1. In whole Hz and in residue order, list the ³J(HN,Hα) couplings for segment 27-35 that follow from phi through the Karplus curve 6.51 cos²θ - 1.76 cosθ + 1.60, θ = phi - 60°; x for Gly and Pro.
2. With contacts defined as alpha carbon pairs under 8 Å and 6 or more residues apart, what's the relative contact order of the chain in percent?
3. Counting only the heavy atoms of the protein chains, how much of PHE51 is accessible to a 1.4 Å probe, in Å² to the nearest 10?
4. Using the Karplus curve 6.51 cos²θ - 1.76 cosθ + 1.60 with θ = phi - 60°, what ³J(HN,Hα) values do you get for each residue of segment 16-25, in whole Hz, with x for Gly and Pro?
5. Could you provide, to the nearest whole Å², the per residue accessible area of the chain with probe 1.4 Å?
6. Tell me, what % of the accessible area of the chain is carbon and sulfur with a 1.4 angstrom probe?
7. Largest first, what is the accessible-area ranking of VAL18, VAL5 with a 1.4 Å probe?
8. Please list the non-local residues whose amide H lies under 5 Å from the amide H of ILE62, H modeled 1.01 Å from N, same-chain partners needing a gap of 5 or more.
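The values are calculated or read from the model by the stated rules, or taken from the named source; none is laboratory data. Every value quoted in this text rests on a predicted model; they were computed, and no experiment measured them. With ligands, DNA and RNA removed, areas are computed over all heavy atoms of the protein, side chains included. Shrake-Rupley method; radii C 1.70, N 1.55, O 1.52, S 1.80 Å.
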Amino acid sequence: MGTNVNISLLALNAARLVAYFYNEGTSATNVKLGATATGTSYSLRMVGTSFYELPTPVYSGIIDAIWDASTGTMHITEVT
């Protein structure tokens, strides 16, 4: 799912109640609560095989990511 270029994990969703992220791969990823994650512009860093839940109040905007390696896998559950 991921590459070493910016990708969108979730689109803006005003109805979002919660979102869960699981970085399945071994590569770390930088996740940005906003547009265009980079190696220096991100909100949180998820190491390989880590889990993250959006805190409340839930951020409803776009969420982007960029992996350190050329590939990565993020499992996402969004509840609306």
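1. Those phi angles translate into 7, 6, 9, 9, 10, 10, 7, x, 8 Hz.
2. Rounded, it is 51 percent for the chain.
3. 130 Å²
4. 3J(HN,Hα) across segment 16-25, in whole Hz: 5, 9, 7, 8, 10, 10, 10, 7, 6, x.
5. Numbers: 4220 Å² over 80 residues.
For the chain, the per-residue accessible area is 53 Å².
6. Details: 2380 of 4220 Å².
Carbon plus sulfur share of accessible area: 56 percent.
7. Details: VAL18 20, VAL5 85 Å².
If we order VAL18, VAL5 from most to least accessible, we get VAL5, VAL18.
8. Amide H to amide H, under 5 Å and 5 or more residues apart or across chains, ILE62 pairs with LEU12.
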